[in-house]
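> Before anything else, here's the structure in question.
The values are calculated or read from the model by the stated rules, or taken from the named source; none is laboratory data. All values reported here derive from a predicted model rather than from experimental measurement. Every residue, glycine as well, gets a Cβ built from its backbone with ideal geometry; the counts of neighbours run over all protein chains shown. Surface accessibility is based on the protein's heavy atoms, side chains included, excluding ligands, DNA and RNA. Shrake-Rupley method; radii C 1.70, N 1.55, O 1.52, S 1.80 Å.
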Amino acid sequence: MVVKSEPAFEDRLLRPVYEKVLYNQRLSYDDGLKLFRSNDLLAIGYMANLVRERLHGNFTYFNVNRHINPTDVCVASCKLCAFGKKARDPKAYTMSLDQVYETAGRGWSEAVSEFHIVGGLHPELSLDWYCEMLRGLKERFPQVHLKAFTMVEIAYLAQRQKISIRETLQRLKDAGMDSMPGGGAEIFTERIRRIICDHKIDGGQWLDVARQAHEIGLKSNCTMLYGHLENEEDRVDHLVKLRELQDKTSGLVTYIPLAFHPDNTPLQHIARTTGFTDLKNIAVSRLMLDNIPHIKAYWIMMTPKIAQIAQRFGADDIDGTVVEEKIYHDAGATTSQSMRRNELLRLIRESGRDPLERDTLYRPVERTESAFTILV
Ligand code: V47
């Protein structure tokens, strides 16, 4: 007779949550609160790992990508951000199109499959300029997927051009935008959003731009910024809103919890998050976001060591080679700005997972020294 062993949960309040996880039932807002309020990290991680292995077996996904930030000039002055600068700031930069192409080419030695392109809200760069940039990149790097522009950048471009969000998205898509990253979501609760990023679109607008992007056939990622002024209710509310959007559109591919880095921001009095909180955010998101396929432990943000452990706490992705990360490094990140593919493989293998190189939409990638093929 097989005796099924029951995990020993220190926090008895988590037993009913475990029952739901076992039977694949949706967790409620209150379950989310119980999870965030519990310190039984091993129990939470155990449950998240069950779900993660149910969805992805033993694979951990990664990609070979390069970040491009065409400008750090930004009309918004978000308290959470150390990256954006005013146009008059002598340290501010804006690349010419040729500089964008030159930057893109610099990561070529490892044959990147994705450019991750985001920047500040520049008061003068036009929609046509961005379309030309996308077309120019496609012309020069036809096999590279362009994951570009946050919902916030799209809303700003639409407002400046005095055209609809849908038309803005469609024009960028026609010019070569293949999908969108998850940034700018921060935290949807207005009470906190008004303090940390007062000049950004509100949470409802972020969700609305994402919905419209999905409706015209673009996939996107999503994020939540934690570890600043938010409480457990704000976190659960954010996750539930993402889950509701996904119920409608199925357009979200990956969720990335982002830990706030306070250095060089007006909020630098706030202490950095700890490994415990970072792992809990990964695990709770895996449990709450039952309809979003992937949970990414972004190594730049959580350090390679925690991102590796996260592969046993609900995460199935570790991001990629990144090459030249700026947003977190301006805010004091001490991780390196890029990682070699071999080092990613080592991290994943040492966590007992099987590395699987993917493209942005999770199709497996087969690679030789200097080229790659996407296996459809
Ligand atoms: O939107 C800005 C955050 C985001 C700080 O989609 C900060 O695959 C912490 O969205 N401390 C940009 N966070 C990064 C992002 C991302 C990263 C990796 C992969 C993907 C993806 C998306 O970074 C911003 C904001 O939420 N951010 N400043 C800071 N001081």
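> Using a Förster radius of 25 Å, what is the FRET efficiency between Gln143 and Arg340 based on their Cβ-Cβ separation? Nearest 0.05, please.
0.75
> Given an 8 Å cut-off on Cα distances and at least 6 residues of separation, report the relative contact order of the range 49-374 as a percent. Provide the component values of the computation, followed by the final result.
Details: 621 pairs, mean separation 74.6, N = 326.
Rounded, it is 23 percent for the range 49-374.
> Identify all aspartates and glutamates with a Cα-Cα distance to Lys200 below 13 Å; exclude those on the same chain that are fewer than 8 residues away in sequence.
Correct list for Lys200: Glu153, Glu186, Glu190.
> Let me ask you something else. May I ask for the percentage of alpha-carbon pairs in the range 28-157 that lie more than 21 Å from each other? Display every interim value, and only then the final one.
Numbers: 4802 of 8385 pairs.
I get 57 percent for the Cα pairs in the range 28-157 exceeding 21 Å.
> Gly320's amide H: which non-local residues (gap 5+, or another chain) put their own amide H closer than 5 Å, with H modeled 1.01 Å from N in plane and none for Pro or chain starts?
Distant-sequence amide H within range of Gly320: Asn63.
> Residues of the chain: accessible area per residue at 1.4 Å, in Å²? Present the calculation step by step, with values, prior to reporting the outcome.
Working: 15720 Å² over 376 residues.
For the chain, the per-residue accessible area is 42 Å².
> Just subtract the alpha-carbon distance of Glu10 and Leu375 from 0.36 nm times their residue separation and send over the number in nm, one decimal. Each step should come with its number before you reach the end.
On the way: separation 365, 0.36 × 365 = 131.40 nm, distance 4.46 nm.
This chain segment gains 126.9 nm when fully extended.
> Using a Förster distance of 22 Å, how high is the FRET efficiency between Thr249 and Thr277, based on the Cβ-Cβ distance and rounded to 0.05?
The computed FRET efficiency comes out at 0.15.
> Leaving out same-chain residues fewer than 8 places away, which aspartates and glutamates sit with a Cα under 16 Å from that of Lys305?
Asp278, Asp316, Asp317, Asp319, Glu343, Glu350
> If a/c stays under 1.5 just call it rounded; otherwise compare a/b with b/c (prolate if a/b is bigger, oblate if not). Do that for the range 275-373, with a ≥ b ≥ c from the square roots of the Cα gyration tensor eigenvalues. Don't skip to the end; give the middle numbers.
Working: a/c = 1.66, a/b = 1.16, b/c = 1.44.
Here the range 275-373 falls in the oblate category.
> Same structure again: Share of the chain's accessible area from carbon and sulfur, percent, 1.4 Å? Could you put the intermediate results ahead of the total?
Numbers: 8050 of 15720 Å².
That share works out to 51 percent.
> Here is a follow-up. Restricting to the chain, what percent of DSSP beta bridges are antiparallel, rounded to 5?
Working: 5 of 32 bridges.
For the chain, the DSSP antiparallel bridge percentage is about 15.
> A further question on this structure: Put a dot 7 Å past each Cα toward the Cβ at Ile270 and Arg54; how far apart are the dots in nm?
Computed distance between label sites Arg54 and Ile270 equals 3.3 nm.
> Another one. Quick one: Debye curve from the alpha-carbon atoms of the chain only, equal weights, vacuum; give me log10 I(q)/I(0) at q = 0.07, 0.15 Å⁻¹ to two decimals.
-0.29, -1.44
> Moving on. Using a 4.7 Å Cβ cut-off, which Cys residues in the chain lack a partner cysteine?
Cysteines lacking a close Cβ partner in the chain: Cys74, Cys131, Cys222.
> Could you give the nm distance between label points at Gln99 and His199, where each point is 7 Å from its Cα heading toward the beta carbon?
According to this spin-label approximation, the distance is 2.0 nm.
> By its C-alpha gyration tensor, with a ≥ b ≥ c as the square roots of the eigenvalues, how is the range 160-309 shaped: rounded for a/c under 1.5, else prolate for a/b larger than b/c, else oblate?
Prolate is the answer for the range 160-309, as a/c is 1.5 or above and a/b outweighs b/c.
> Then there's this: May I ask for the net charge around Gln161, where only other residues with Cβ less than 13 Å from the Cβ of Gln161 are counted and Lys, Arg are +1 while Asp, Glu are -1? Please report the intermediate quantities before stating the final value.
Working: positive: Arg160, Lys162, Arg166, Arg171; negative: Glu124, Asp128, Glu153, Glu167.
Around Gln161, the charge tally is 0.
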